[in-house]
1. Is one or more of the residues making up the range 103-112 buried (at least 18 other Cβ atoms within 10 Å of the Cβ) and hydroxyl-bearing (Ser, Thr, Tyr)?
2. With respect to ARG110, is the statement that it is assigned to a helix (DSSP H, G or I) and basic (Lys, Arg) true?
3. Are any residues in the range 232-284 out of contact with any strand residue (DSSP E or B) (no Cβ under 7 Å at 6 or more places or on another chain), under 22 Å from GLY213 (Cα atoms) and not aliphatic (A, V, I, L, M), and if so, which ones?
4. Name the one entry in PRO207, PRO266 that is under 24 Å from the mean Cα position of the chain (by Cα) and surrounded by 14 or more Cβ atoms within 10 Å (Cβ to Cβ).
5. From the residues in the range 96-145 that are modelled with pLDDT under 90 and among the β-branched types (Val, Ile, Thr), which one is nearest to the chain's Cα centre (by Cα)?
6. Looking at LEU215 and the list (1) surrounded by fewer than 19 Cβ atoms within 10 Å (Cβ to Cβ); (2) at pLDDT below 90; (3) not in a loop (DSSP other than H, G, I, E, B), which single condition is not satisfied?
7. Can you tell me which residue within the range 268-321, out of those that are among the aromatic types (Phe, Trp, Tyr) and part of a loop (DSSP other than H, G, I, E, B), is modelled with the lowest pLDDT?
8. Counting only residues that are over 19 Å from SER95 (Cα atoms) and not acidic (Asp, Glu), which one in the range 164-175 is surrounded by the fewest Cβ atoms within 10 Å (Cβ to Cβ)?
Amino acid sequence: MRLFTINQKGEMLPYDEHDFKKDNCEQDLEDILERNPQYFFENSNILIIGRQITTNLSSIIDLLGVDKKGNSIVIELKRDNTPRDTVAQILEYASFVENLDYEQINAIFRDYYGVENELEEYHREYFSNDNSEKVSFNKNTKLLIVAQNISREVKQTASYLRKSGLDIYCLEFKYFKTKSGEKIISSNFVVGEDEYKRQEVRSSSLPKVNKSGFLKDLDVDGRAVFESLFEFAESQDLIIVWGSKGFSLNVQYNGENVVLLFGYPPSSVFKQSIYTGFESIIKKVNNFHKIVSNYRSKLLSTGYFIKAGENIKWIINKRYPEKDVDDFIKIVREVSELIRKGERGNGI
């Protein structure tokens, strides 16, 4: 394949194909695919949920993703050619992933993003699924080999496995550069193009954001809300746990962090918003029923929280009066105090 750009004079200037491994390491390929899955897989976007995952056999899965239907996608990356054992590698990874239940898949997702969100909720937002649409995670496993050059042996073996009913694909990419240094990558399925449609788990995580980086990403409306929230959290000794995109605000209860809410910037899949953390309260706090019920009703009564699955959310897309922000923080304060005191049966 040859690629050209056309200058103002109408002249075709070629992109020269380069050897990706000479300019990049395998981690660079992981970074590119991890950040741009929608461009590699066109009509079948992938949500990446884990990277460098250690299996029970101490082997390492490059990337793990899920598709819109909740199917797991095991991704093996090669920045150069595929050796003969590539298929054996990915089959070994699949044998590990196939036995994971939702809690384990969810734990991989949480470790990767560094937050206590539920995969189910994040998945719904990422793929814009309807709230009533139930997804069965890890019901099926897809295998994807990505390399600069897929060898004949790997193509032939993968094609045989597909004919035998295994959901395996091979994606080949090409790397081009112009004399001015502009770079371009093209991708093409060479196998599966026609149809691409409880063990302890350890994985690496995305870089975590911090307070200054988070505030910098906000618009002026979001900054007014979150600066007040951070000031309140510091005054009450609440715990902020930073993830790759946002944070969770926590209160200590019986030696554990209980999530009160999650905060996100505009660049997040959740947009500039605040989400409740009802699941954490339900799992960790005694007599949670009344706490959650009152917390929910108080926030809904403000008029700017709306339903989001089992939780509720506040999309911050306009300037809110200072009194409204103060009323919201008052509700959070009352909930945190109630949890800390361990009161039984009292309202908020």
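1. yes
2. Numbers: assigned to a helix (DSSP H, G or I): yes; basic (Lys, Arg): yes.
When the stated conditions are applied, ARG110 passes them.
3. The answer is PHE232, GLU234, SER235, ASP237, TRP242, GLY243, SER244, PRO265, PRO266, SER267, SER268.
4. Values: PRO207 fails: surrounded by 14 or more Cβ atoms within 10 Å (Cβ to Cβ).
None of the others qualify; the one that does is PRO266.
5. VAL115
6. In the conditions (1) surrounded by fewer than 19 Cβ atoms within 10 Å (Cβ to Cβ); (2) at pLDDT below 90; (3) not in a loop (DSSP other than H, G, I, E, B), LEU215 misses (2) alone.
7. We begin by selecting, within the range 268-321, every residue among the aromatic types (Phe, Trp, Tyr); these are 270, 275, 278, 288, 295, 304-305, 314, 320.
With part of a loop (DSSP other than H, G, I, E, B) added as a condition, the list becomes 270, 304-305, 320.
Details: PHE270: 90, TYR304: 93, PHE305: 94, TYR320: 94.
Restricting to residues being among the aromatic types (Phe, Trp, Tyr) and part of a loop (DSSP other than H, G, I, E, B), the top hit is PHE270.
8. Within the range 164-175, the first condition is being over 19 Å from SER95 (Cα atoms), and the residues that meet it are 171-175.
This time we only want the ones that are not acidic (Asp, Glu), so: 171, 173-175.
Numbers: LEU171: 22, PHE173: 20, LYS174: 18, TYR175: 21.
Only one residue fits best here, namely LYS174.
The values are calculated or read from the model by the stated rules, or taken from the named source; none is laboratory data. Small disclaimer: the values here were computed from a predicted structure and weren't measured. Neighbour counts run over all protein chains shown; Cβ positions are idealised from the backbone, glycine included.
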